[in-house]
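One structure is given here, and the rest of the page talks about it.
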Amino acid sequence: MFNDIGPLELVTLVVLAVLVFGPDKLPKVIQDVTRTIRKIREFSESAKQDIRQELGPEFKDFEFEDLNPKTFIRKQLDNDELGLKEIRNGFDLKKEMAEVTDAVHGRDSESSASGTSSSSPSSSSGRVDMTKKPEGGARDERPPFDADAT
């Protein structure tokens, strides 16, 4: 509960408590505070048990800490039912970006040069060739010019 309080801060709190309540009333105040904290914890635990009973047996492993968004997302990403670890391990961002860059600039990437030598635009590896290539052998053929359209 008070994990981040240092020794100097603790001494300051004790001195302040002695000054505010006095040395003769301080033990009674400490007892009252600890009793109140204990009652709050008991009330909290009983409320959690009531909620678990109302939810039923299908939520028997429900934890209230999972309601924290960070904990929930971390737990879902660690869950391997979705196969996210395989996707995360099989995805190489640098390689994908290099392939996209090569496709935009019209270069053949190393993977397609050393890969299959299929002549079709979409090879068996599932990769689509996005480079602009003229269809057929007519490279110098210009589109028809329409003087009225300009």
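Summary of computed values
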quantity	calculated
Among residues of segment 28-47, those that are of a type outside the set (A, V, I, L, M), open to solvent by less than 70 Å² (accessible area, probe 1.4 Å) and more than 30 Å from Phe62 (Cα to Cα), counted	1
Residues within segment 1-12 that are modelled with pLDDT under 90 and either open to solvent by less than 60 Å² (accessible area, probe 1.4 Å) or not acidic (Asp, Glu) (or both), tallied	7
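The values are calculated or read from the model by the stated rules, or taken from the named source; none is laboratory data. Note that the structure is predicted; figures quoted are calculated from it, not measured. Side chains included, ligands, DNA and RNA excluded: accessible areas come from the protein's heavy atoms. Shrake-Rupley method; radii C 1.70, N 1.55, O 1.52, S 1.80 Å.
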